[in-house]
Structures are given as C-alpha cells and as structure tokens.
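Here the structure is laid out as structure tokens; the discussion comes afterwards.
The values are calculated or read from the model by the stated rules, or taken from the named source; none is laboratory data. Please read these numbers as outputs of a predicted model, since none were measured by experiment. When we count neighbours, we look across all protein chains shown, and the Cβ atoms used for this are built from the backbone with ideal geometry, even at glycine. Surface areas here come from the heavy atoms of the whole protein model, side chains and all, with no ligands, DNA or RNA. Shrake-Rupley method; radii C 1.70, N 1.55, O 1.52, S 1.80 Å.
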Amino acid sequence: QVQLVESGGGLVQAGGSLRLSCAASGSIFRLSGMGWYRQGPGKQREVVAFISIGGSTNYADSVKERFTISRDNAKNTVSLEMNSLKAEDTAVYYCTAVINGRTYWGQGTQVTVSS
C-alpha cells in the first residue's frame, strides 16, 4: 500500500523559514510528478509548487523566489523550502505524487506564520 507522509510543519514568525518534507513508501514501481498544495482558511486548495521526474519546476506566483521545491528520487522524497514566510502563507500543506500511474495525497501538515 502506497503512503505519503508529510513532516516539518509548525509555527514560525513572519520572515522566517520552514522546510517541509514528504516521504513516499510502499510498493513504488514508478514515481512521477510530485508537488505541494495548500489550503488556507476560507480558501480553495491551490497549487504551491510542482516538480517533474526530470526536475522541471513550477511555482505559484505568490511563492516564486521564496519557496524552493526539490526531490530525491533515490529516497522517494520531495521537499519544500519556504523562506521569507508571510502571514498569507498560513495553510494546511498537502503533498501529492503520481505513483504507479495514480495520484496520492498526504494527510497534510499545518503551517502557521505569525506576525
């Protein structure tokens, strides 16, 4: 059974940094695209960043130049380095990945940015 588990969420002051990680486990025969979504209070879930198997990345305009997504294919992990955090970044962050041709989601991890 395939699982995605996020870690690294928490409380941070505005202007600070936080690193989220997501590990995929189980019967992984093929791991394709991986990414991060987030959902803030009263908002729709939105794409934060995406990284392809070849390492090509895409970011939401709101996080460009502040967040960096990366992956380690050998470890089946994806990370999101968040810098210069703002209050508007407060949300539940979800890891997603295409594994064996199917889309999987993590349970989510809370990120709270205080000012």
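Here are a few things to note about the model shown:
- Within-15-Å neighbourhood charge of Gly54 [Cβ basis; K, R +1; D, E -1]: +1
- Site pair Arg19 and Gln110 shows an inter-label distance of 2.4 nm when each label is modelled 7 Å from Cα along Cα→Cβ.
- With a cut-off of 18 Å on the backbone N, the residues of the stretch 17-45 near the modelled label site 7 Å out from Asn58 along Cα-Cβ are 32-39, 45.
- Charge tally in the Cβ shell below 12 Å around Gln110, where Lys, Arg are +1 and Asp, Glu are -1, Gln110 excluded: -1
- Calculated accessible area for the chain comes out at 53 Å² per residue, all protein chains present (probe 1.4 Å; ligands, DNA, RNA ignored).
- Dipole of the stretch 3-114 computed with +1 at Lys/Arg Cβ and -1 at Asp/Glu Cβ about the Cα centre; of Tyr59, Gly16, Gly101, farthest Cα towards the positive end is Gly101.
- Portion, in percent, of the accessible area of the chain that falls on carbon or sulfur, probe 1.4 Å: 47
- Debye intensity ratio I(q)/I(0), log10, the stretch 15-63, q values 0.15, 0.30 Å⁻¹ (C-alpha model): -0.55, -1.23
- Alpha-carbon spread of the chain, three principal axes, descending order, Å: 44, 25, 23
- J(HN,Hα) series, the stretch 32-44, from Karplus relation 6.51 cos²θ - 1.76 cosθ + 1.60, nearest Hz, glycine and proline x: 9, x, 9, x, 10, 10, 8, 9, x, x, x, 10, 7
- Restricting the stretch 11-115 to GluC sites (Glu not before Pro) in coil, as DSSP defines it, with at most 12 other Cβ within 10 Å: Glu65
- Cα→Cβ-extended label distance, 7 Å offset, between Asn100 and Leu11, nm: 4.0
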